[in-house]
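Following this message is one structure expressed as structure tokens.
The values are calculated or read from the model by the stated rules, or taken from the named source; none is laboratory data. Because the structure is a prediction, the values reported are computed rather than measured. Positions of Cβ are backbone-derived with ideal geometry, glycine not excepted, and every protein chain shown enters the neighbour counts.
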Amino acid sequence: MTQAQITPGQLLNSYWTIYFLSATNGHNYFVVGHIGESTHNNETARFARVSLLDIHDKLYYGTTLLDGNATLSTDTFSFQSKQFQSYATTADQLSTMVSISSAENTTFSLVSRPQGPNIYDAGSGHFFWGNDMTFEYASPECYVTGNITSQGQTIDVIPEKSMAWYDRQFGPGFGSSGWNLFIFYLENGVKSCIWHSSAVGEGPALRLATFLFPDGHHEVYPIADDIHPSTPFVSNQTGITYYGSHEINVIGIDASFLIELPVLAGEMTNHESPTTGNTLFEGYSIVKGVFKGECVTGWGVSEQKSPL
């Protein structure tokens, strides 16, 4: 298999962990480990995406790994491919998660352990996305240990100053018309997952904000259609245009957010065969705005996906 394409109307399994890391060399890093499995016309494609950003030096590398021999077990949760492995070491498939990458310029070995309550998108985890239903939840605050390799140097993570977001999504729904997904942590302890996904066919567009509070309760609100994309930049590899800034207005509460990329980077594509189908953007973002009438700041992820 040389190509992995995610197309409408198929069963999708997706697992990803995004790490916000402070390291012993005094730098902060943003690391992505993402695996997926999609089945279409009785054919299954498995793939991995990895990236590593040195926020201090603004050095970035990301890639999509296509491996026809990759395996995924959902009974024990274990993804194994030539350059990336992700697996659980506990029976509940969640309490201890391992991600190991040996891919070019994205070498890391990280272990994450969830702390605190999960966040369930739309409050229950079930919502309509693109062409059908999907289910998504996340462990938004994971304790992280391990190391990364940057500029030829292996660097230990400082667990007390680091954090990971582990996300699990599955089901037949898929937003093939493109989407934006913003996940972020606010300094007041609130975690957020905001979907802005275009309509597929006769289905509805998705405009949804889910907030998880420190006590574990959820609040769900719609967002305004216009997310004011600005600061465009174009990928040299795929020709896709991305945006370095978005404004989110939440309807029903006094909340609005300006989400900006301090480094205009985050594309993960297959470098031998860059296509829209195997490309995803995960950019480190900083957040400032108003939440329930109070000024807030935070950090997180701007995920951008072009239409297939």
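Listed here are the residues, each with its yes/no results for (1) assigned to a strand (DSSP E or B); (2) within 27 Å of Val190 (Cβ to Cβ); (3) at pLDDT below 95.
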| residue | (1), (2), (3) |
| --- | --- |
| His246 | yes, yes, no |
| Ile253 | no, yes, no |
| Ser256 | yes, yes, no |
| Pro262 | no, yes, no |
| Ala265 | no, yes, no |
| Ser273 | no, no, yes |
| Gly283 | yes, yes, no |
| Val290 | yes, yes, no |
| Ser302 | yes, yes, no |
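From the list Tyr137, Tyr143, pick out the single residue that is in a strand (DSSP E or B), under 17 Å from Ser14 (Cα atoms) and not basic (Lys, Arg).
On the way: Tyr143 fails: under 17 Å from Ser14 (Cα atoms).
Exactly one of Tyr137, Tyr143 is in a strand (DSSP E or B), under 17 Å from Ser14 (Cα atoms) and not basic (Lys, Arg), namely Tyr137.
Before we move on, is Gln115 in contact with a Cys (Cβ under 7 Å, 6 or more places away or on another chain), over 25 Å from Leu308 (Cβ atoms) and surrounded by fewer than 20 Cβ atoms within 10 Å (Cβ to Cβ)? Even if it seems obvious, please write down each step before you answer.
Values: in contact with a Cys (Cβ under 7 Å, 6 or more places away or on another chain): yes; over 25 Å from Leu308 (Cβ atoms): yes; surrounded by fewer than 20 Cβ atoms within 10 Å (Cβ to Cβ): yes.
When the stated conditions are applied, Gln115 passes them.
Here's something else I'd like to know. Mind counting the residues in segment 153-174 that are at pLDDT below 95, small (Gly, Ala, Ser) and either under 12 Å from Val111 (Cα atoms) or assigned to a loop (DSSP other than H, G, I, E, B) (or both)?
1
Okay, residues lined up against (1) more than 22 Å from His34 (Cα to Cα); (2) surrounded by fewer than 22 Cβ atoms within 10 Å (Cβ to Cβ); (3) not aliphatic (A, V, I, L, M):
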{"residue": "Val250", "(1), (2), (3)": "yes, no, no"}
{"residue": "Leu258", "(1), (2), (3)": "yes, yes, no"}
{"residue": "Gly266", "(1), (2), (3)": "no, no, yes"}
{"residue": "Thr275", "(1), (2), (3)": "no, yes, yes"}
{"residue": "Ile286", "(1), (2), (3)": "no, yes, no"}
{"residue": "Val296", "(1), (2), (3)": "yes, yes, no"}
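Would you confirm, using the coordinates I've provided, whether Gly130 is of a type in the set (Gly, Ala, Ser), in contact (Cβ under 8 Å) with a residue 12 or more places away in the chain and in contact with a Gly (Cβ under 9 Å, 6 or more places away or on another chain)? Lay out the reasoning, then the answer.
Working: of a type in the set (Gly, Ala, Ser): yes; in contact (Cβ under 8 Å) with a residue 12 or more places away in the chain: yes; in contact with a Gly (Cβ under 9 Å, 6 or more places away or on another chain): yes.
Yes; evaluated as a whole, the condition is true for this residue.
What do you reckon, is Ile240 under 15 Å from Ile194 (Cβ atoms) and of a type in the set (A, V, I, L, M, F, W, C)?
Taking the combined requirement at face value, the residue does not satisfy it.
Within segment 205-215, does at least one residue satisfy the condition of being in contact (Cβ under 8 Å) with a residue 24 or more places away in the chain, at positive phi and either surrounded by fewer than 18 Cβ atoms within 10 Å (Cβ to Cβ) or among the aliphatic types (A, V, I, L, M) (or both)?
No, segment 205-215 contains no residue that is in contact (Cβ under 8 Å) with a residue 24 or more places away in the chain, at positive phi and either surrounded by fewer than 18 Cβ atoms within 10 Å (Cβ to Cβ) or among the aliphatic types (A, V, I, L, M) (or both).
Ok, one more. Return yes or no: is Asn180 in a strand (DSSP E or B), at pLDDT 95 or above and either among the small types (Gly, Ala, Ser) or more than 22 Å from Tyr87 (Cβ to Cβ) (or both)?
Working: in a strand (DSSP E or B): yes; at pLDDT 95 or above: yes; either among the small types (Gly, Ala, Ser) or more than 22 Å from Tyr87 (Cβ to Cβ) (or both): yes.
In short, yes.
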